[in-house]
Amino acid sequence: MEKREIGSSGIKVRPFAFGGNVFGWTIDEKESFKVLDGFVDAGLDFIDTADVYSSWAPGNKGGESETIIGNWLKKSGKRDKIIIATKVGKPMGEGKKGLSRKYITGAVEDSLKRLQTDYIDLYQSHDNDKDTPLLETMETFNDLIKQGKVKTIGASNFSAARLKEALQVSKDNGLAAYQCLQPEYNLYAREHYEKELEPICRERNIGVLSYYSLASGFLTGKYRSEHDLSQSSRGQGVKKMLNPRGYKILAALDKVATEHDATPASVALAWVMARPGITAPIASATSIKQLDELVRATLLKLNSDAIDLLNSASSYLSEPLI
């Protein structure tokens with residue numbers, strides 16, 4: 001299985017990242033350990049989480065995902081087999097948020113403690129902080145890299161303009177620069193990334209880690225009618241996709257999946273992986289069975305006919321996005 005470099009960081013990963021938002025939310029620690037062991041046993045090595053995961057779950061306060069990953073690392077001894085990406089900046093309660101020097105400096109120590117590790121491979125700004133000067137943020141990240149607490153840095157949810165601005169600040173001041181971007185990108189949600197973000201990422205060699213890579217489960221084929229929406233708590237989030245374009249995408253996924261002896265989920269992820277400039281799509285699993293589908297995607301090579309069909313089915317206008 002190939003490895004892809006995260007930007008120009010020197011860090012290479014398998015072309016799929018496990019989304020750690022499920023740890024401490026939809027699966028408990030015991031099940032999380034099983035999935036993590038299965039993930040590594042399958043030859044994969046990239047886990048993406050955040051300090052705020054999963055604060056939204058009843059009884060949680062944030063940090064649950066990092067804590068479970070840390071406990072697993074300690075028990076399994078597999079730190080050297082894993083590239084860990086986490087994030088900072090989303091609200092953690094009591095005014096704890098943003099990308100100021102003071103906040104990042106404290107937040108990184110909290111993440112390191114929860115993860116039970118001496119360093120974070122990829123530390124990412126979870127969202128833009130318009131109230132903190134970019135120079136302050138980038139100087140702080142630069143210091144963390146010098147201290148060995150962080151290997152490289154990235155950004156999530158940045159606009160193209162803000163990403164360009166951040167890269168320029170780093171260049172002008174001789175500071176470490178963002179090496180990757182996390183945007184929403186999948187067969188259903190293509191337009192914003194491809195029109196606004198992809199050009200700068202390709203031009204500047206910025207790695208891309210796509211989130212919502214399965215469109216909140218819609219691209220698994222699990223939701224095909226309004227009746228299906230009650231199958232999980234995420235159901236209502238895909239209701240807007242039950243439209244002619246959405247059904248056209250599902251039909252194309254079904255066709256390609258049949259031809260490749262795969263599942264729609266595997267095909268949808270393989271399509272993202274095949275996009276030039278993509279480092280790794282992010283997706284989650286709550287069981288070994290679901291994990292097997294994700295692993296299958298890393299081994300699936302779509303031919304040009306399959307990619308053309310999926311591109312055409314997911315286009316917004318008469319002229320398909322390419």
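The values are calculated or read from the model by the stated rules, or taken from the named source; none is laboratory data. It should be emphasised that the depicted structure is a prediction, and the values quoted were computed from it without experimental measurement. Quick reminder, even Gly has a Cβ in these numbers, built from the backbone with ideal geometry, and neighbours come from all protein chains shown. The area values use the complete protein model at the heavy-atom level, side chains included, leaving out ligands, DNA and RNA. Shrake-Rupley method; radii C 1.70, N 1.55, O 1.52, S 1.80 Å.
Each Cα pair of the stretch 1-138 feeds into the Kirkwood radius, which the Stokes-Einstein equation turns, at 20 °C and 1.002 mPa s, into a diffusion coefficient of 138 µm²/s. Taken along its three principal axes, the alpha carbon spread of the stretch 137-186 comes to 36, 23, 13 Å, from the longest extent down to the shortest.
Dipole check for the stretch 60-125: with +1 at the C-beta of Lys and Arg, -1 at the C-beta of Asp and Glu, and the Cα centre as origin, the magnitude is about 80 Debye. Applied to the stretch 63-68, the Karplus parametrisation 6.51 cos²θ - 1.76 cosθ + 1.60 on θ = phi - 60° returns per-residue 3J(HN,Hα) values of x, 5, 5, 4, 5, 5 Hz, with x for Gly and Pro. Charge dipole of the stretch 24-74 (Cα centre as origin; +1 on each Lys and Arg Cβ, -1 on each Asp and Glu Cβ, all else neutral): 160 debye, rounded to the nearest 20. Computed from Cα atoms, the angle from the helix 304-313 axis to the main principal axis of the chain rounds to 90 degrees. Between helix 101-115 and the chain there is an angle of about 70 degrees, using the helix long axis and the longest principal axis of the Cα atoms. Within the accessible surface of the stretch 235-322, defined with a 1.4 Å probe on protein heavy atoms only, the carbon and sulfur portion equals 57 percent. Taking amide H atoms as placed 1.01 Å from N in the peptide plane, the amide H of ILE120 lies under 5 Å from those of VAL150, LYS151, each 5 or more residues away in sequence or on another chain. Working ranking of peptides 192-199, 31-38 by packing, defined as the average number of other Cβ atoms within 10 Å per residue, highest first, is 31-38, 192-199.
How high is the relative contact order of the chain? Use alpha-carbon pairs under 8 Å, at least six apart in sequence, and give a whole percent. Over the chain, the number comes to 18 percent. Sorted from longest to shortest, the spans of the Cα atoms of the stretch 7-55 along the three principal axes equal 34, 26, 11 Å. Counting only the Cα atoms, the chain fills a convex hull of 132 Å³ per residue. Remark: the stretch 99-157 carries a charge dipole of roughly 140 debye about the Cα centre, counting +1 on each Lys and Arg Cβ and -1 on each Asp and Glu Cβ. Just check the stretch 196-322 against the gyration tensor rule for me: Cα atoms, a ≥ b ≥ c as the square roots of the eigenvalues, rounded for a/c under 1.5, and otherwise prolate or oblate depending on whether a/b exceeds b/c. Note, shape of the stretch 196-322 comes out rounded. Note on the stretch 84-181: dipole from Cβ charges, positive end direction compared against VAL169, ASN128, GLN116; the farthest Cα belongs to GLN116.
Computed over the stretch 79-191, the range of Cα coordinates on each principal axis works out to 39, 34, 31 Å, biggest value leading.
What the chain shows is 44 Å² of accessible area per residue, with the surface traced by a 1.4 Å probe over protein heavy atoms. The Cβ shell under 13 Å around LEU242 holds other residues with a net charge of +4, Lys and Arg each +1, Asp and Glu each -1.
Roughly how many whole Å is it from the C-alpha centroid of the stretch 97-138 to that of the stretch 178-205? One Cα centre to the other: 23 Å.
Protein-only accessible surface at a 1.4 angstrom probe places the residues LYS102, LYS81, LYS301, LYS90 in the order LYS102, LYS301, LYS81, LYS90, largest first.
Computed over Cα pairs, the Kirkwood radius of the stretch 96-146 leads via Stokes-Einstein (0.692 mPa s, 37 °C) to a diffusion coefficient of 288 µm² per second. Computed over protein heavy atoms with a 1.4 Å probe, the carbon and sulfur contribution to the accessible area of the stretch 56-181 reaches 49%. With contributions of -39500 (n - 2.57) from each DSSP H run of at least four residues, the per-residue ellipticity at 222 nm computed over the chain stands at -12000 deg cm²/dmol.
With Rh defined as the Kirkwood radius, the inverse of the mean 1/r over Cα pairs, the Rg/Rh of the stretch 121-164 is 0.97.
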